[in-house]
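The values are calculated or read from the model by the stated rules, or taken from the named source; none is laboratory data. Source: prediction; values computed, not measured. A quick note on method: Cβ atoms are made from the backbone with ideal geometry, for glycine too, and the neighbour counts reach across all protein chains shown. In case anyone asks, the SASA skips ligands and DNA or RNA and just uses the protein heavy atoms, side chains included. Shrake-Rupley method; radii C 1.70, N 1.55, O 1.52, S 1.80 Å.
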Amino acid sequence: MSRPKPAEERLGDSPQSGAAMDACGALLVRIQHHDEQAFEALYRQHGSILLATILRLVRNRSLAEEVLQEVFFEVWTRADSFRPDAGSGRAWLTTMCRRRAIDRVRSVQAQQDRDFTEGVKQVHEVEPDIQTEALNHVESIRLNTALRQLPAEQATAIAMAYYQDLSHSQIATALDIPLGTIKSRIRDGMKRLRAQLEVNDAR
């Protein structure tokens, strides 16, 4: 007379019976059939443990909570990928948490790297502009100072040419002065202006 098999041997050959011995796996099997109560039970029973697993990797509580939400969203939408015969429900969830957490750490690091690169780029773009603006401002002051030391007619002609961007002909027309006279005033004024700037630089 043969001896009856123990209960665990009678249940061990079936994937569903494997899930029955694994409380977490059993909940996941129910979730595969869109059982909301099983989903809530899974969160209550395993949420805090899974959060601790994620937190050890991401080192940030708010970030870990976001990852945990993503994990449970994936549990609800992809519970069919759980196979009771491939391992326990807890192992499946832990693997999912680790994968999600590592992905998030890499994503955050990549974003930080991009922010740093962009920051360095902006510094290099802004600094020359600030320097150029400062140099232009200083040069403008020096030029204005030198212009005030020229005869009025020369200073006026040069200012109209370089500040108002007028041609020699336009200046002659505006001042009602012969074109040759305007050219002479600008030419002579520029010579005196350069000489004055060189004297100022030498001081």
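Highest mean packing comes first when the peptides 161-170, 53-62, 92-101 are listed by Cβ atoms within 10 Å, giving 92-101, 53-62, 161-170. Solvent exposure of the range 50-98, expressed per residue, is 56 Å² of accessible area, with all protein chains present and a 1.4 angstrom probe.
Would you work out what percent of the accessible area of the range 40-123, with all protein chains in place, is carbon or sulfur (probe 1.4 Å)?
Working: 2740 of 5380 Å².
Carbon and sulfur: 51 percent of the exposed surface of the range 40-123.
Each Cα pair under 8 Å and six or more residues apart adds its sequence gap; the mean of these over the residue count of the range 31-80 is a relative contact order of 49 percent.
The distance between label points at R98 and A52 comes to 1.7 nm (points 7 Å beyond Cα on the Cα→Cβ vector). The stretch between S169 and R148, if pulled fully straight at 0.36 nm per residue, gains 5.2 nm over its current Cα-Cα span.
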